[in-house]
1. Only one of these conditions is not met by residue 35: (1) closer than 21 Å to residue 55 by Cβ; (2) part of a loop (DSSP other than H, G, I, E, B). Which number is it?
2. Considering only residues that are over 22 Å from residue 161 (Cα atoms) and of a type in the set (A, V, I, L, M), which ones fall in the range 67-122?
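The values are calculated or read from the model by the stated rules, or taken from the named source; none is laboratory data. Every value quoted in this text rests on a predicted model; they were computed, and no experiment measured them. Methodologically, a virtual Cβ is constructed for each residue, glycine included, from the backbone with ideal geometry; neighbour enumeration extends over all protein chains shown.
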Amino acid sequence: MSIGASTQSLARLEPYLLLAKSAKNAAAAKLITEVTSAPGCYVFSELLDFDGIQALAQQEEYVKSYRLLQLFAYGTFIQYRNAAPGTYPTLNEAQEEKLRHLTLISLGSKNRNLSYSLLLEQFGLQGSANSAGQSTSIPFSSDLAVQLQQIHPPTMRKLEDLIIDAIYAGIISARLDQSRQRVEVESVMGRDVQVEEVANLSAALHDWQEQTLGILHSLSERIAEARQHDEDKAKDRSESDAKIESTLLHLANNPNSATSHGSAYPASRLYDRMGSDRFNTDVEMEDDPVALRKKKSSAAGPTRSKRSRA
């Protein structure tokens, strides 16, 4: 959304760039008033590169217009409100709304959550909550709820309308959280950047790159550790299965090997307990000494009985 808004804003600026090539003095000052009032135009630094615009900074009659263009390119509404009288020309309604939108972009680029109280202050709307002749400031309160109760409802509606208009204009992606009295920012379009800020932006991008590379390196190490763990586990399982298979095969081929090594049970019974049905019950009975004695005694009984009858 922010990229699309930047592209559209540049497209809206194009006609004024063509006019700025030949604009001088009063025509250049008028051009600044028009571009700062034009709907959908939120970038202005390209205009500052033209000779006719730069010349206004050296002319007392038009220097205020030049400062105004700089304000819209890099400044905020609170800077306009706090400036000394005569620094800038008086803003019309469209210019005030646009400068507040630009202020919202600057604030949203630095913070994800913007409280209503902060926006009211930065937009210069606190004084409008009071009727004429009363104090134009809201007493500070540490309790946000109490402070917001002091704000007149029309002022709150104006604040929310400004934010909603900015969202529909595509210069900011955000949602209003009225229960918490704040704006939750997702993204904003980019503003003009002063030459002095390029070094700071470069340093910030470098820090971001270093942090990203560190995270990627850490993730790569964890992935490698997880893969090695899985490989070791699979290897151990394979070795364990091979040992079990070898033991079972040995017992199957050497049924008496278990008893020859002092086992309390015959090999056939041990093997049978492991789930094999290779050796039947008769084999187990023959290998069991107790079973053999019972078998012999049962076989000898009928023979003695026949002799006694004889």
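1. Among (1) closer than 21 Å to residue 55 by Cβ; (2) part of a loop (DSSP other than H, G, I, E, B), residue 35 violates only (2).
2. 68, 69, 71, 73, 83, 84
One line per residue, one yes/no per condition, for (1) among the aliphatic types (A, V, I, L, M); (2) free of Cβ contacts under 8 Å to residues at least 12 places away in the same chain:
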{"position": "6", "(1), (2)": "no, no"}
{"position": "11", "(1), (2)": "yes, yes"}
{"position": "15", "(1), (2)": "no, yes"}
{"position": "22", "(1), (2)": "no, no"}
{"position": "25", "(1), (2)": "no, no"}
{"position": "31", "(1), (2)": "yes, no"}
{"position": "34", "(1), (2)": "no, no"}
{"position": "37", "(1), (2)": "no, no"}
{"position": "40", "(1), (2)": "no, no"}
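Yes or no, residue by residue, for (1) modelled with pLDDT of 95 or more; (2) assigned by TED's automatic domain parsing to the domain that holds residue 169; (3) part of a helix (DSSP H, G or I); (4) buried (at least 20 other Cβ atoms within 10 Å of the Cβ):
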{"position": "66", "(1), (2), (3), (4)": "yes, yes, yes, yes"}
{"position": "70", "(1), (2), (3), (4)": "yes, yes, yes, no"}
{"position": "91", "(1), (2), (3), (4)": "yes, yes, no, no"}
{"position": "103", "(1), (2), (3), (4)": "yes, yes, yes, yes"}
